[in-house]
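The values are calculated or read from the model by the stated rules, or taken from the named source; none is laboratory data. Because the structure is a prediction, the values reported are computed rather than measured. Every residue, glycine among them, receives a Cβ derived from its backbone with ideal geometry; neighbour counts consider all protein chains shown.
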Amino acid sequence: MIFLDHLINGLSLGSIYAIIALGYTMVYGIAKMLNFAHGDVIMIGAYIAFCGLQYWGIPPVLAILLAMVFCTLLGVTIEGFAYRPLRQATSLAVLITAIGMSYLLQNIALMIWGANPKSFPTTFINGSNIRIGQLNISSATLITIVANIVIMVTLTLFTSKAKLGKAMRCVSEDRGAAELMGINVNRTISLTFAIGSALAAVAGVLLCSSYPILQPTTGSMPGIKAFTAAVFGGIGSIPGAMLGGILLGVIEIFGKAYISTELGDAIVFAVLIIVLLVKPAGLLGKPMREKV
Amino acid sequence: MSEEKKLPLLKVRDIHVYYGAIHAIKGISLEVNEGEIVTLIGANGAGKSTTLNTIAGLLKPRQGGIAFAGMPVEGTGASKMVYKGLSLCPEGRRIFQQMTVRENLEMGAFSRPNEETEKSMEQVYEFFPRLKEREKQIAGTLSGGEQQMLAMGRALMSKPRLMMLDEPSMGLAPILVEQIFEIIRDMNAAGTTILLVEQNAQMALSVANRAYVMETGRITMEGDADDLMHDDNVRKAYLGS
Ligand SMILES: Nc1ncnc2c1ncn2[C@@H]1O[C@H](COP(=O)(O)OP(=O)(O)OP(=O)(O)O)[C@@H](O)[C@H]1O
Ligand SMILES: [Mg+2]
């Protein structure tokens, strides 16, 4: 039973990583950049939801929606002002800008909400536990896993069926050819940031519901882990981000439970390195083939 | 009406294009009239692709003008040019390798209303029956010839008034080259004006009405395709005889 408990916890944590990893992987796949500020968008989303619940007393669903809308606008703004002017710049310049953006968001959060950790109100989501036999699953865990599945299915359908979703895949493969089809590349990249950032808000609320300490650095570690998950699964691949995130969560929880609490994170990265040695493109990453 | 008919569909006037400090196009002027097949030939590095990419809006001329259907379009941007009725089938095909044949064609119709897609696809399949057989295949696994057909079919999906083709015969076996040129002639007969860039000058001149010859960023000769085919200089430089 303890094993199953760990597994459920791992799936839950992994689902959060997966949702964050989706943002990383979509932005990487389509805008060809590592948006290191992504983790901090999560933190901002959590703060917005926190304010909604704690100070403004709005219902949980509205608080989450508010956080999603705010983060969507934030993501699109960051892309438009900070990243778009660097479209032709070297990837190093873009990377440094993203790191700068990450600190900017953390400092803004520090200014507005202070350095003292806030305790995220979790009662709204932790109403009752669900019992399956001897298993005791918290509703936060359940909601997290279900949200992950819903997001995964929706995104997969969107990119495989919707016109704009297919346009995203075109931009990801060949920006110039996409333009020749009439696809507006800037708008497609904006859309990608919008989706990724809205998901970041969801991830922020889910994260703080399970680990209710909120401070300006809250997004950093999950951000880095989720980035790792995206690489693990094959960066650029949506199912890869899902698989990578979930495996990472499960490995982390099992590593901490059965090997060493202190070394939990190190174990995660050790597994990542081994996987990349065997499959350099990640678990589901496709090495690009070109035919002339 | 008759006034409008005299206007060329495409008019390029003295454009200069740079890659950073490299002056790749040094003042090119050319015209394509509605219904024509015009070819642009020249040696490697002459600037043929650069010219087409500039007309398509992928590159901006630093100087000079481009008019399409009577409207100035220089600096319009490639994604908007498609909506104006201009389509480029680029050098190296650049099909979406990870998408299926069908998806590639659908994306070709991105600029058109969704209801049209099915019908346009049927028309494309008439030109390229091979593509229909391979509808569900991932484009990256097609043979080189099939990929070229897909690139042309995809360009056709936007129902262009002017289709520009950049070296459609590149890397294809002679029999396939014949076939591709046959289709170019058919597409033209069906009402699409064509601007064709080719290494295969013999084939290009045989299919075209008029031709321009390019050398290092400039146009050095222009005229009737038949005349150029029998011109001594052209024969020596591009036809190997
Ligand atoms: N992206 C680029 N950056 C710098 N220079 C370029 C670039 N693309 C092309 N050039 C240069 O511009 C000139 C014209 O190139 P272009 O590709 O237009 O020639 P082309 O006539 O199409 O040749 P080919 O028949 O080999 O396709 C060449 O000297 C080439 O080196
Ligand atoms: Mg070329």
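I'm checking my understanding of the structure. Among residues of the range B:43-60 that are within 13 Å of another protein chain (Cβ to nearest Cβ) and of a type outside the set (S, T, N, Q), which one is nearest to ligand 2 (Cβ to nearest atom)?
Of everything passing the filter in the range B:43-60, B:Leu52 is nearest to ligand 2 (Cβ to nearest atom).
Only one of (1) part of a strand (DSSP E or B); (2) within 13 Å of ligand 1 (Cβ to nearest atom); (3) more than 15 Å from B:Ile219 (Cα to Cα) is not met by B:Gly65, so which one is it?
The failed condition is (2).
Can you confirm whether A:Thr156 is more than 14 Å from chain B (Cβ to nearest Cβ), modelled with pLDDT of 95 or more, part of a helix (DSSP H, G or I) and under 17 Å from A:Ala18 (Cα atoms)?
Numbers: more than 14 Å from chain B (Cβ to nearest Cβ): yes; modelled with pLDDT of 95 or more: no; part of a helix (DSSP H, G or I): yes; under 17 Å from A:Ala18 (Cα atoms): yes.
Judged against the criteria, A:Thr156 is not a match.
When you scan the range B:184-194, do you find a residue that is small (Gly, Ala, Ser) and more than 15 Å from the chain's Cα centre (by Cα), even just one?
Within the range B:184-194, the subset small (Gly, Ala, Ser) is B:189-191.
From the residues that got through so far, the ones that are more than 15 Å from the chain's Cα centre (by Cα) too are B:189-190.
Among the residues of the range B:184-194, at least one is small (Gly, Ala, Ser) and more than 15 Å from the chain's Cα centre (by Cα), which makes the answer yes.
Quick check on my filter: what residues within the range B:97-119 are under 19 Å from the mean Cα position of the chain (by Cα) and more than 8 Å from every other protein chain (Cβ to nearest Cβ)? Steps first, please.
Step one: filter the range B:97-119 for residues under 19 Å from the mean Cα position of the chain (by Cα), giving B:104-105, B:107-111.
Once the filter is applied, which keeps residues that are under 19 Å from the mean Cα position of the chain (by Cα) and more than 8 Å from every other protein chain (Cβ to nearest Cβ), the range B:97-119 yields B:Asn104, B:Leu105, B:Ala109.
Condition check ((1) in contact with a strand residue (DSSP E or B) (Cβ under 7 Å, 6 or more places away or on another chain); (2) under 30 Å from A:Phe50 (Cα atoms); (3) within 14 Å of another protein chain (Cβ to nearest Cβ)) across all residues:
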residue: A:Ser138; (1), (2), (3): yes, yes, no
residue: A:Ile183; (1), (2), (3): no, no, yes
residue: A:Thr192; (1), (2), (3): no, yes, no
residue: A:Gly196; (1), (2), (3): no, yes, no
residue: A:Ala201; (1), (2), (3): no, yes, no
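Restricting attention to the range B:77-96, which residues are more than 8 Å from every other protein chain (Cβ to nearest Cβ) and within 16 Å of ligand 1 (Cβ to nearest atom)?
Passing the criteria: B:Cys89, B:Glu91, B:Arg93.
Of the residues B:Ala225, B:Ala201, which single one is over 18 Å from B:Arg94 (Cα atoms) and within 16 Å of ligand 2 (Cβ to nearest atom)? Spell out how you get there, then give the answer.
On the way: B:Ala225 fails: within 16 Å of ligand 2 (Cβ to nearest atom).
Every option except B:Ala201 fails the conditions.
From A:Ala98, A:Ala115, A:Ala109, which residue is in contact (Cβ under 8 Å) with a residue 12 or more places away in the chain and more than 16 Å from A:Thr218 (Cβ to Cβ)?
On the way: A:Ala115 fails: more than 16 Å from A:Thr218 (Cβ to Cβ); A:Ala109 fails: more than 16 Å from A:Thr218 (Cβ to Cβ).
Being in contact (Cβ under 8 Å) with a residue 12 or more places away in the chain and more than 16 Å from A:Thr218 (Cβ to Cβ) holds for just one of A:Ala98, A:Ala115, A:Ala109, which is A:Ala98.
Six or more apart or on different chains, Cβ atoms under 7 Å: show the pairs whose first residue is in the range B:47-59 and closer than 14 Å to A:Glu179 by Cα and whose second is within 7 Å of ligand 1 (Cβ to nearest atom).
B:Leu59/B:Thr50
Would you please name the residue that is surrounded by the fewest Cβ atoms within 10 Å (Cβ to Cβ), looking only at residues in the range B:89-105 that are in contact (Cβ under 8 Å) with a residue 40 or more places away in the chain and out of contact with any strand residue (DSSP E or B) (no Cβ under 9 Å at 6 or more places or on another chain)?
B:Arg94
Please note which strands (runs of 3 or more DSSP E) are completely contained in the range B:121-233 and include at least 1 residues that are surrounded by fewer than 18 Cβ atoms within 10 Å (Cβ to Cβ). Step through it out loud before you land on a result.
Details: elements: B:162-166, B:193-198, B:210-215, B:218-224.
By residue number, B:210-215, B:218-224.
Scanning for something out of contact with any strand residue (DSSP E or B) (no Cβ under 9 Å at 6 or more places or on another chain), within 16 Å of ligand 1 (Cβ to nearest atom), within 14 Å of chain A (Cβ to nearest Cβ) and not in a loop (DSSP other than H, G, I, E, B), does the range B:16-24 turn up at least one residue? Reasoning before the result, please.
Within the range B:16-24, the first condition is being out of contact with any strand residue (DSSP E or B) (no Cβ under 9 Å at 6 or more places or on another chain), and the residues that meet it are B:19-22.
Going one step further and asking which of them are within 16 Å of ligand 1 (Cβ to nearest atom), we end up with B:19-22.
Now narrow it down to the ones that are within 14 Å of chain A (Cβ to nearest Cβ): B:19-20.
Now drop any that are not not in a loop (DSSP other than H, G, I, E, B), which leaves B:19.
So far as the range B:16-24 goes, yes, one or more of its residues are out of contact with any strand residue (DSSP E or B) (no Cβ under 9 Å at 6 or more places or on another chain), within 16 Å of ligand 1 (Cβ to nearest atom), within 14 Å of chain A (Cβ to nearest Cβ) and not in a loop (DSSP other than H, G, I, E, B).
Looking only at residues that are away from chain A (no Cβ under 11 Å) and among the aliphatic types (A, V, I, L, M) in the range B:120-139, which one is farthest from B:Asp166 (Cα to Cα)? Don't jump to the end; show me each part of the working.
The first filter runs over the range B:120-139 and keeps only residues away from chain A (no Cβ under 11 Å), leaving B:120-137.
Cutting the leftovers down to among the aliphatic types (A, V, I, L, M) gives us B:121, B:124, B:131.
Values: B:Met121: 22, B:Val124: 19, B:Leu131: 20 Å.
This residue is B:Met121.
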